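Please read the structure below before turning to the comments.
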Amino acid sequence: MSLLKVEHLTKNFGGLSAVSNVSISVEEGELVGLIGPNGAGKTTLFNVLTGVYTPTEGKVLLTKDGKTVELNKMPPYKITHQGVARTFQNIRLFKELSVLDNVKIAMNNEARYGILGALFRSVNFYKSEAAIDVKARQFLAKVHLDELADVKAKNLPYGKQRQLEIARAMATGAKLLFLDEPAAGMNPQETHALTDFIAKIRNEMNLTIVLIEHDMSLVMSICERIFVLDYGKLIAQGSAQEVKNNPRVIEAYLGEEE
Amino acid sequence: MKNTFLNKKNLTWLILGVAFFFLIQLLIQVGVITPYYRVTMYWICLFAILGVSLNVIIGVTGQFSLGHAGFMSIGAYSAAVVLRSMPNLTGLFIGMAIGALISLFVSMVVAIPTLRLKGDYLAIATLGVGEIIRIVILNMKITNGASGISNIPYLISWPLMFFFVFVSIMFSANFKNSAIGRACISIKEDEIASEAMGINTTKYKVMAFMFGALIASLAGALYATTYYVIKPETFGINNSINILVIVVFGGMGSLTGSAVAAIVLGIINNVFQPLAEWRMIIYALALIVIMIFRPQGLLGTSEASLKTIFSLDTYKNALKGLIDLVTLKKFRVAAASTGKGKQR
């Protein structure tokens, strides 16, 4: 059974159909690429999948512990609680907070105390905070950001900010990650490092990843399967080789032959 | 591991608080703080509580509110009404509790729809809420309409005031330094990302708003018993803006900054008292100067911690900043650089 199943998904903005009748499925443990020319509806699709937009039509189904959960009616934070997290095309870190606090916020669900526990500093508060602190630091060590734990997010170099954003999404406990252009604005070395990072975390933590990317070297090297969107429609899917030679994809990117 | 309340940090704060309490108490007993100065001191305490509580909403959670005086008036009127038939401390506490419950209820009802708004719209909506509360009080029998309630028994004392200042600042700090506070800060930083991280942003915004309203109503009750008289117009937009000024002056997001700002503004108010109408001009100038030289507020977003309180550098820097301020260094630097520009 596939982990994520998208059935006939449509999102209209007025008369514009940004995503129309898209059906895809993602298997557990897969690393899938989502490509397409500018304005093809890739980010809109992500926004629908993560609850930022409610779909006009169609369903988003997630398999969780053998049960099927319908994501398309949930607000974003509940979708995150189902084990689905994302990053953003333009980095959205909590800039004024430290790397550690960025991760702690993603782990906020682990706090085992309510408002009274916080105000009166119950025993649970101290236990819970200590546990979160340990867990966040261990997590940072796993993603090789532990040395930067106390640095403010805005003071990180660009590549590290991207890395932190991915790490923060993982820290929510997500099993399925949506990465929106993780390599945008990176130079070839940084892209290479990021490619390694994504491949590594995926193997180590058993993640399923869907990523949007324009950097074809990244997409072709790590994605096992690729979906191609154009004008909101799914025009092709398959392995890197298949997609590369698909005439419709070439047409979408380069235009029709005269 | 600091697993319980009894860690070094908490104990030091407690000792500092108690020491401060006895210092002021001593000064009152010896007669250094005369009843005249005590009025200023109580003003400072009240506005420290109000500033800190508004800062939880504006500075920590990033939700602009101009209705804080409205919640203050709920507390003030509840206390005043109960004190009419029960003119003692028990009456005050009962009034406080009633005011707190009403505030919590009103703030929840108000918060759920209005906190969906952002920026200017939220400011206007909360401004409206403050005005609605004022108009309702103006037209109710029990609150005695426009003439307000007078002859409220004077029950305030330094121990009572200190208790509430200490408790409200402690609660605000505990609020900020918890998972709830982290969630609130993340909303201020980036609401979309916050939601994507699994944070129920509406819930935390409402929580912060209700918390601020609750503390404001406590301050309102204390206000009523400190100043004998309350009228609807005492709690109008002017008062909300006064509280906002304290938050901005001290630094948005810095709870201790609000307390410091209340002290500084209280002292400025008092020192220039003899100058009568000039006082407001100087007060306004002080605000303008701060906004030019330190737009982030006195403390910015950082909190006064034990480390900074006990470090000499803090006071050196503060003194240096003050000298720069008085000698208008920024203007001199700016003038010098434009002068150079002209030469070229």
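The values are calculated or read from the model by the stated rules, or taken from the named source; none is laboratory data. Please read all numbers here as calculations on a predicted model, not as lab measurements. A quick note on method: Cβ atoms are made from the backbone with ideal geometry, for glycine too, and the neighbour counts reach across all protein chains shown.
Just one of (1) within 16 Å of residue A:104 (Cβ to Cβ); (2) in contact with a Phe, Trp or Tyr (Cβ under 6 Å, 6 or more places away or on another chain) trips up residue B:195, so point out which.
The one condition residue B:195 does not meet is (1).
State all residues of segment A:51-74 that are part of a loop (DSSP other than H, G, I, E, B) and not basic (Lys, Arg); if no residue qualifies, say none.
Matches in segment A:51-74: A:51, A:52, A:53, A:54, A:55, A:56, A:65, A:66, A:71, A:72, A:74.
Please verify whether residue B:251 is more than 9 Å from chain A (Cβ to nearest Cβ) and either touching a residue at least 40 places away in the same chain (Cβ under 8 Å) or surrounded by 24 or more Cβ atoms within 10 Å (Cβ to Cβ) (or both), treating the condition exactly as stated.
yes
Can you work out which of the residues in segment A:105-150 that are over 25 Å from residue B:195 (Cβ atoms) and within 8 Å of another protein chain (Cβ to nearest Cβ) is surrounded by the most Cβ atoms within 10 Å (Cβ to Cβ)?
Per the criteria, the residue is A:121.
So if I check each of B:192, B:152, B:135, which one is closer than 30 Å to residue A:74 by Cα, among the β-branched types (Val, Ile, Thr) and either at pLDDT below 95 or surrounded by fewer than 22 Cβ atoms within 10 Å (Cβ to Cβ) (or both)?
Answer to the check: B:192.
Of the conditions (1) surrounded by fewer than 15 Cβ atoms within 10 Å (Cβ to Cβ); (2) closer than 22 Å to residue B:150 by Cβ; (3) not polar (S, T, N, Q), residue B:30 satisfies every one except a single condition; which number is it?
(2)
Counting residues that are among the basic types (Lys, Arg) and within 9 Å of chain A (Cβ to nearest Cβ), which helices (runs of 4 or more DSSP H) fully inside segment B:116-203 reach at least 1?
Once the helices (runs of 4 or more DSSP H) in segment B:116-203 are filtered for at least 1 residues that are among the basic types (Lys, Arg) and within 9 Å of chain A (Cβ to nearest Cβ), what remains is B:179-189.
Taking the conditions exactly as written (touching a helix residue (DSSP H, G or I) at 6+ places or on another chain (Cβ under 8 Å), surrounded by fewer than 19 Cβ atoms within 10 Å (Cβ to Cβ) and modelled with pLDDT of 90 or more), does residue A:238 satisfy them or not? Spell out the reasoning first.
Values: touching a helix residue (DSSP H, G or I) at 6+ places or on another chain (Cβ under 8 Å): no; surrounded by fewer than 19 Cβ atoms within 10 Å (Cβ to Cβ): yes; modelled with pLDDT of 90 or more: yes.
Considered against the rule, which asks whether it is touching a helix residue (DSSP H, G or I) at 6+ places or on another chain (Cβ under 8 Å), surrounded by fewer than 19 Cβ atoms within 10 Å (Cβ to Cβ) and modelled with pLDDT of 90 or more, residue A:238 comes out as no.
Name the single residue, out of those in segment B:286-310 being assigned to a loop (DSSP other than H, G, I, E, B) and among the hydroxyl-bearing types (Ser, Thr, Tyr), that is farthest from the other protein chains (Cβ to nearest Cβ).
The qualifying residue farthest from the other protein chains (Cβ to nearest Cβ) is B:305.
For segment A:95-194, which helices (runs of 4 or more DSSP H) that fit wholly inside it have 3 or more residues that are touching a strand residue (DSSP E or B) at 6+ places or on another chain (Cβ under 7 Å)?
Qualifying helices (runs of 4 or more DSSP H): A:158-171.
With (1) touching a strand residue (DSSP E or B) at 6+ places or on another chain (Cβ under 9 Å); (2) outside any strand (DSSP E or B); (3) not basic (Lys, Arg) as the list, and residue A:32 as the residue in question, which single condition is left unmet?
All conditions pass for residue A:32, except number (2).
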